[in-house]
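S.K.: Please read through the structure below; I'll follow up with questions.
Derivation of every value follows stated rules applied to the coordinates shown; laboratory data play no part. Computed from a predicted structure; not experimentally measured. So basically every Cβ, Gly included, is an ideal-geometry build from the backbone, and we count neighbours across all protein chains shown.
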Amino acid sequence: MIRLENISVEYRLKAERVQALRNVNLEITEGSFDAIMGASGSGKTTLIQLIAGLLTPTAGNVVVSGQNLRELNDRAISEFRNRTIGFVFQFFNLPSYYTALENVALPLVFAGVGESERRARARQLLGEFGLEARMHHKPDQLSGGEAQRVAIARALIGNPKVILADEPTGNLDRETGTHVLELLQRVSRERGVTVLLVTHDEKAATFAQRIILIEKGELA
Amino acid sequence: MIRRRDQIRLCVQKLGLRKKRAAFAVVSVALGVIVVVAVSSLVENLRDLIVRTQFTEDIDQNVVRIFVLDNPYEFFAPRAKKDQAERTKKRYHFLTEAAFAEMRAWPEVAAADSPVTVESVTVTALTNRPTNASRAEGVPLELLRQYVRDPAELVAASNAIPVVLGERNVRLEYRADQKKFTVAATNELAAWVGREVTLIVGDHFAEVSRFTFDDEQREWRPLGEEEILQQRETVLRSLRYRREATIYSTTLALRGRVVGLCPGNRVLIPLPRAQEFARWLNQRHELSRLVASSEPEEIEYGVRGRLTPRAGEFREGIVVVKKGASLEAVAEKVRELGFQATTRGTAFEELVKELDGAVRVVKKIAFGFGAVILGLACGLLWSTTSRLVSDSRMDIGLFRALGATKGDIRRLFLSEAVLLGMLGTLFGMLIGWGVAFHISRWAIAAARAAVADPEQMLVMPDSVFSVNLPFCLLLLAGAAVVSILAGLLPANRAANVDPVKALRRE
C-alpha cells in the first residue's frame, strides 16, 4: 500500500545542512493501524508529509497505492491528496469561519462535488460520530474532543485510503484522547482505511497494530 | 478543481474576515469610477445644451465683423503662388479708410466702417438730439427698420438719441453715394450729432419675460399686461440701484436687445441711459487723469508691421451686407485682404470648437483624476489582497493538504481582488449615475430659468444625462483587468506558499 524506498530528506538551516531522514525503507500494508513513535525532531512528521506528497524527498521514492509521488505534477498530486489521503492534525486546523458541517465538507469543495451532495455526506458522517447537534456550530463552540471528531470526519469524507494523524491526542486530555484513538481504531477496522498515527505518547501507540520507531531520522 | 460557485462563496467568506479593509478598497475604487462615470454621462449632452442655449445672436445675420491679426506675418493670401508668398503676405496691416473704401466698393456691401475708441463726453453734448422720427433722416431707414420694424416703435426709437462720444462734437450726415457718414457742413438739427463710436446697446425692458411656464398645465402661456407691468416696475427698481452703482464703478455694462446699429457705428441709446453713460465716462475720465498712464510701447514686426495702430488705423470693423448677397463670400473677400472675418455662422463654429476644446480638457482632467484615484485604488487592492494572503497562510496550507491545487489557490485570491474591483466599479457607476442625474436636473432647471422664450425652450432637452453603455462595459472590463493585475502578485505568492511551513505551529 505505502512503500518508502531509500528515503533521505535533507534541508538547509542557514548555513547548516540538516538530515531529517536517512535511508528510510518502510512498507505499510493496506488497512493497517500503525504508529510512528519518536522524540521531537526525530523525523516523524517529515515522514507523513512525504507520504502525503507535501514534501519531496531529496533521494528515494514514495509509492502510495502504486503511484510514485515523485512522478506526479501539482494537479495530480493535489488530486491524489484529495482522494487518497485524510489528515488529522494536533490542533484540529478547523477554519473558524466555517461551521462543523462546512469544515467536514471542505475536501469535497476541492474535489468539485456539488453543494447538496457535500452537505448530505457531511451530515451523515457527523451523525455517525454523534455530532448531529453540533453540525451548525463554529469550531470555537466545540470541545476539544468534538473538534477532533469533526477533523476525523473531515479526513474521512472523501473516502480516503490513508489517514495520516499527526499527534491527534496531543491537544486533548487523556480520556478524550482515548476516545479519539478508539474512533480511529474503529474507522480503520470498519472501513479498511490505513491509519498512520504519529505520536510520542507510548499509551497512544498501544492502540496501533505496529509501532515504528524513529530516531534521528533513521528507523530503529 | 473548485466549482465557480464555491470559489465565489470562499471569496466572500474570506473577505468577510477583513470587512473594513475590503470596504475601504471598494470605496476607493468607487470614488475613481464616480468621477469618470459622472463626467462621461454628462459632458456630451451638456455641451449640446450649451450650444443650444448659449448661442446668442449678437452678430446680425447680414454683418461681417472684422478683426486684424495680431501678427502681420500670420496672413498668407489664399491661392498665392509659392514664389509670391513673401510679397503677398499682407495687403493691409490695420483697417484703414482705404480698406473700408475697398470694401464699400464691393457690390454686395451696404456699408463698411470702423469702430472708435470711446472717450469722454459731457452731458450737455447729449442734449442736442433729434426730437422725432422725421428728423432721423441721417440714419438709413432700411437699416433702422432692421431693428425697429413697428412704425410705433420707430417713433419710440426717435426718443433715443444717437450716442455722441469722442474728443469733439460733430454733426454727421449720411452720404448714400459713399455709403457712409460724413461730417455735416451745416448745423441743422436734422443732422446726427455724433462721434466715432461703436456700441451695442439696448433697453433693459428687452429682458422682460413675455411668457411664463404653467407648471400645472405643463405649457407656456403669454403674460398678461399687468404681469408685464409688474416686471417693468421691477426692472426700473433694479435700474435705480444700478444707476447709483454705475456712478461709482469703473465699468459699465450696457445690456439688452439691440435697437440700433448703423453703418458708421452710430448707436441709438435712450436718453436716460446715454446720460448715465456720460456720467460714467466723465468719472472714468477724471479717474484716468488721477492715474497717469504711459503710452503703450509700439511693437514692431520687422519692416512690415506694427502691433499698435496709429491715427486712422483700426483693429476692428463692421461690414453690412446687402439683402440677398452671400455673407460668406464677403467674409472670404475680407479674409483675402488679410483680416479675420467673423459671421454669425463662423462665430457659431468657433463657439462649438471652443466648447469641444473645453469638453476635451474637462474629459482629460476628469479621466486623469479618475485614473489617479484608480491607481491608488489599484495599490489598495494589491495591499488588501496581500494582507489577505498573509492572514490566510494557515488556511492556504490546510487547503493544499486537503487537495487544492496551486491554480485553485491562485484563482481564489485573484477572485477576491476582482470581486473587490468589480464591486467598487459597480457601486461607483451607480453613484456616478445618481450624481450625473442630479447635476442634469440642476443644469436643465438653471437653463430653463435663464430662458424666457418658448421658442428657445423648444430646442432644450429634458435631460443632459445619458448612460454611455459601451463606455460602462469598457470600464467594467478595465476594472476587471486592473484588479487582476493588482491581485496577480499576491495570488502567485499565495499559490507558492509551502503547505508544510504553513501548517507548522511553533
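S.K.: Once you average over the residues of B:3-14, how many Cβ atoms of partner chains fall within 10 Å of each Cβ? Spell out each step's value before the answer.
M.R.: Working: counts 7, 0, 2, 10, 1, 0, 3, 3, 0, 0, 4, 2.
Mean shielding count: 3.
S.K.: Ok, one more. If you count, for every residue in A:45-56, the Cβ atoms of partner chains within 10 Å of its Cβ, what is the mean?
M.R.: 2
S.K.: Per residue of region B:482-490, what does 6.51 cos²θ - 1.76 cosθ + 1.60 with θ = phi - 60° give for ³J(HN,Hα)? Whole Hz please, x for Gly and Pro, Karplus curve as stated.
M.R.: Those phi angles translate into 4, 5, 4, 4, 5, x, 4, 5, x Hz.
S.K.: Further question on the same structure: Using a/c under 1.5 as the rounded threshold, could you call region A:7-79 rounded, prolate or oblate? The axes a ≥ b ≥ c are square roots of the C-alpha gyration tensor eigenvalues, and prolate needs a/b larger than b/c, oblate otherwise.
M.R.: oblate
S.K.: For a quick check: sort B:I2, B:I66 by the number of other beta carbons within 10 angstrom, fewest at the front. The partial results should precede the final answer.
M.R.: Details: B:I2 23, B:I66 26.
With the fewest neighbours first, B:I2, B:I66 line up as B:I2, B:I66.
S.K.: Looking at the square roots a ≥ b ≥ c of the eigenvalues of the Cα gyration tensor of region A:2-219, which shape do they give, rounded for a/c under 1.5, prolate if a/b is larger than b/c, or oblate? Write out the running numbers ahead of the final one.
M.R.: Details: a/c = 1.82, a/b = 1.45, b/c = 1.26.
In terms of gyration-tensor shape, prolate.
S.K.: Here's another thing I want to ask about it. Looking only at A:S188, A:S116, A:S96, which one moves most when chain A is put into a Gaussian network model with springs between Cα atoms under 10 Å?
M.R.: A:S116
S.K.: How many partner chain Cβ atoms sit within 10 Å of a residue's Cβ in peptide A:25-35, on average, as a whole number?
M.R.: Numbers: counts 0, 0, 0, 0, 0, 0, 0, 0, 0, 0, 0.
Rounded to a whole number, the mean comes out at 0.
S.K.: Something else: Only counting other Cβ atoms within 10 Å, I'd like B:C472, B:C378 sorted with the fewest neighbours first. Intermediate values should be presented prior to the final figure.
M.R.: Details: B:C472 20, B:C378 23.
By the 10 Å Cβ count, ascending: B:C472, B:C378.
S.K.: Looking at region A:2-219 only, what percent of DSSP beta bridges run antiparallel? Nearest 5 please.
M.R.: Roughly 50 percent of the DSSP beta bridges within region A:2-219 come out antiparallel.
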